[in-house]
């Protein structure tokens, strides 16, 4: 009798365990459904099909998902976030208890070098972390990767984006130090350093450290997309750009199926004034981006195409190819639907027409600038729309339209106040530079020479002390170059020459600065 009772007890335990497992699986499937993960085949296309680089990220998930996990991570390293999420979703579908796949989903919804994630992306990333935490499992290293990603999401409604980036850097550093043989840990730590770097730090402490880490492993992994990609971002500064040239000339061939990878070399080419290489880089990227939009079934244009167009227009303008720049501008202004509408799109829509008019000093065209398309949510982008008002002010001053200039300045100040209120420190500083430059030219227009020089010098110093955002190839017109223009108007050719030369130190090969040097030199020689 006792033996039968023991059998019954064991059978009951097994039945309860089985029911619990079914219940847990049912709950897990429900949680996975609530994540609303992206799904489908990879839609990317470029010069070579299905070439995204080589990644070997060792983890404890099922053997059958290893190849897809590595592919998803390669996509993640090229910031192909949507496509990376699709492949991580496939991994989860085949191995729902693969802890690192949820890490991948979380990492695919946070863009450390782009604009902060949206509320929907933050919620999805948070949910994916929560599901992974409930699973348990994984080894210590994988749990540490997950918790590092969690620093980007935990309490996101109360902790600032910048603070979470700092926490991510510290968490990534711990993994890097604990697992010295883990090259993925090194690569993600380098990314974290760049993401958490201070844009006002002119010693580039974090960037240099990240560069040393990546360069130490580049030779052993020459086809890793993250190493080349992040080296470009790390060295995307006038003072460091030369060090990024090897990576810039390598990255596109590593991940030639990624529109972003095809575009990224132009960051370094722009810094070094290599305009033909920059233009070709963006032509290739835009072609791949158009193909992606078609394959993905988008109704309209993908933001990566628009981003590349801004860099392409900039390159054409510096080559003096105004007809080609105008073709791209007309193409941009023909677009009625873009996806997603974000800061990359807003910046290009405002910057490209402003650049085209300012570079050619077509003051009537500058004054006539408008925010287009009219039905875009411009109110959400005070920094980006300020580009238009800054251009309009310069046009108004040069055409002696004082009321129009004051109206444009009022718009700049309103945009600045909004950015300050929303704690957008970097963007607010950019608009403040425009305000100072604007006030300088207004002072010039009323004949106050000393005040104009003082304000314009302050604006140039402020701009030199702050690095440009990756969203842009450069300011619509550099403040130091505007200082040179101001000195030319004041017939102070020696100081104009000095300002233009200083401009070229930070903006290599800018056509107007080159021409300004020629004109100032000729005036000094009495030609």
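The table for this structure:
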| quantity | calculated |
| --- | --- |
| Residue 339-residue 198 pseudo-label distance in nm [points 7 Å out on the Cα-to-Cβ vector] | 4.2 nm |
| Nearest-ten-degree value, helix 119-135 long axis tilted from longest Cα axis of the chain | 30 degrees |
| Full-stretch length increase - residue 220, residue 179 - with 0.36 nm per residue and alpha-carbon distance subtracted | 13.0 nm |
| Centroid-to-centroid separation of region 350-405 and region 43-110 [C-alpha atoms, Å] | 42 Å |
| Peptides 327-339, 241-253 ordered by average Cβ neighbours within 10 Å, highest first | 241-253, 327-339 |
| Ranked 218, 168, criterion: other C-beta atoms within 10 Å, fewest first | 218, 168 |
| Potential extension, residue 524-residue 239 segment - 0.36 nm per residue separation minus Cα distance | 99.6 nm |
| Helix 99-108 axis, angle to the chain major axis (alpha carbon atoms, nearest 10°) | 20 degrees |
| Separation of alpha-carbon centers, region 272-294 and region 172-224, rounded to whole Å | 27 Å |
| The chain: angle of helix 140-150 to the longest principal axis, Cα-based, in degrees nearest 10 | 40 degrees |
| Cα gyration tensor shape of region 389-527, rounded if a/c is under 1.5, else prolate or oblate by comparing a/b with b/c | oblate |
| Highest-first arrangement of 202-208, 267-273, 98-104, 366-372, where packing means the average Cβ count within 10 Å | 98-104, 267-273, 366-372, 202-208 |
| Residue 326-residue 33 FRET efficiency (beta carbon distance; Förster radius 30 Å; 0.05 resolution) | 0.05 |
| Label-point separation in nm, residue 154 to residue 407, each point 7 Å along Cα→Cβ | 5.3 nm |
| Correct option for P(r) over Cα pairs in 20 Å bins from 0, in percent [calculated from the coordinates] among [x] 21, 51, 22, 5, 1, 0; [y] 22, 56, 21, 1, 0; [z] 18, 47, 30, 4, 0 | [x] |
| Mean separation of Cα contacts under 8 Å (6+ apart) over length of the chain, as relative contact order % | 10 percent |
| Per-residue [θ]222 nm for the chain (sum of -39500 (n - 2.57) over DSSP H runs n ≥ 4, rounded to 500) | -22000 deg cm²/dmol |
| Full-stretch length increase - residue 62, residue 41 - with 0.36 nm per residue and alpha-carbon distance subtracted | 5.5 nm |
| Rounded, prolate or oblate (a/c below 1.5 giving rounded, otherwise prolate when a/b exceeds b/c) for region 46-254 by Cα gyration tensor | oblate |
| Ascending count of other beta-carbon atoms within 10 Å, so fewest first, for 411, 220 | 220, 411 |
| Sorted by Cβ neighbour density within 10 Å, fewest at the top, the residues 383, 114 | 114, 383 |
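Any read-out appearing in this document is the output of simple, stated calculations on the displayed coordinates, not a laboratory observation. A quick note: this is a predicted structure, and the numbers were derived from the prediction, not measured. Glycine gets a Cβ as well: all are built from the backbone with ideal geometry, and neighbour counts include every protein chain shown.
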